[in-house]
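Quick notes on the structure that follows.
Each reported figure results from applying straightforward, stated rules to the coordinates on display, with no laboratory input. The shown structure was predicted, so the numbers you read here are calculated from the model rather than taken from an experiment. Because the Cβ atoms are built from the backbone with ideal geometry, glycine has one as well, and the counts that use them run over all protein chains shown.
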Amino acid sequence: MKSLALKACAKVNLGLSIVGKRADGYHELRTIYQSISLADELSVSISPGSAVVDFSVSGISVPVGRANLAVRAAEVLLAELNLKRHVQLRLHKIIPAGSGLGGASSDAAAVLRALLHLSGRSLPADRLLRLAAGLGSDVPFFLLGGAALGVGRGAEVYPLPESPRRPLVVVFPGVPVSTPNAYSRLRAPLLTSVRANHNIDLFCGKLFAGSWQEIGNDFERVVFPELPQLARIKRSLVRAGARFASLSGSGSAVFGLFDDVATARRAARILSRPGMSIFIARTVSRREFQAQLPSPSRR
């Protein structure tokens, strides 16, 4: 049996604009992904045998079997490679489900990378990215990490220049948000106006000019009215010293970026409430992110 232990980092969205509805039923978006140090812990093992995936989970309760994206990732890769191996996945779940932090997608990407490494097999980059995109829109980003621009439905990702490491506070209110439901409530005029400037260079330029608040997250307009406590959390993070605060993805996690760890820790203490999960984390560069994952073989 060959085994590998690895971390599957969460992400936040430093900006997210929904441009409109696509012909394929998905939404066209522009987003800036950023890896953070909050992470699930994953153990992947393979041994000779039939193509069976065994899965167990500790920590936060999540779906098991094919309802879990990590299991589906293992099954998809075994089928793609016509690989007869018995796979064991042991997940310690830390990233809250339904938080907009990409935990399930990160787990799936980590499984893809781990199985390629353990099996000694390889896939061309384009095939691996297609497999990842077929599992979920965020999964391709988790093969890259760091800071990245996501376009299309989010699955088309491009690396961005790295910003200095920053501490952040992530607040999960204990209530998940369904991403499909959040998308279903995006109706004109809530969609970003087609007359708005969607030039990608300008979108990214706002981030690197330090004016993150100008990017925003279009999901706040549909999620905050449903869960007004999220708007209060965002305001509290800013009052506690966050340089910038935003909903991540479709929520329900809200995060704040801080200039120093001491202020972030003080903010976490101020916001602490029963039933609420608060994490003090930091941004993770692409180099650090890639160092935490095994490199798939290349051909």
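A cut-off of 5 Å between modelled amide H atoms, ignoring neighbours fewer than 5 places along the same chain, links ALA51 with ARG85. SER47 sits among other residues whose Cβ lies under 9 Å from its own Cβ, and their net charge, with Lys and Arg +1 and Asp and Glu -1, is +2. Measure nothing but the geometry: give the 0 to 90° angle between the long axis through the Cα atoms of 261-271 and the longest principal axis through the Cα atoms of the chain, rounded to 10°. So the inclination is approximately 80 degrees.
Let's test the formula: R0 of 35 Å, r as the Cβ-Cβ distance of ALA291 and LYS2. What FRET efficiency results, to the nearest 0.05? Write out the running numbers ahead of the final one.
Numbers: r = 20 Å, r/R0 = 0.58.
My answer for the efficiency is 0.95.
Calculated FRET efficiency, TYR158 and SER58, Cβ-Cβ r, R0 35 Å, to nearest 0.05? The formula returns an efficiency of 0.45 here. Between 0 and 90 degrees, rounded to the nearest ten: what's the tilt of helix 125-135 against the longest Cα principal axis of the chain? Result, in degrees: 70. Close amide H pairs (under 5 Å, H built 1.01 Å from N) link GLY15 with ILE32, residues at least 5 positions away or on another chain. Rounded to the nearest 10 degrees, the angle from helix 228-239 to the longest Cα principal axis of the chain is 70 degrees. Per residue, the chain reaches -9000 deg cm²/dmol at 222 nm when only DSSP H runs of four or more residues are counted, each adding -39500 (n - 2.57).
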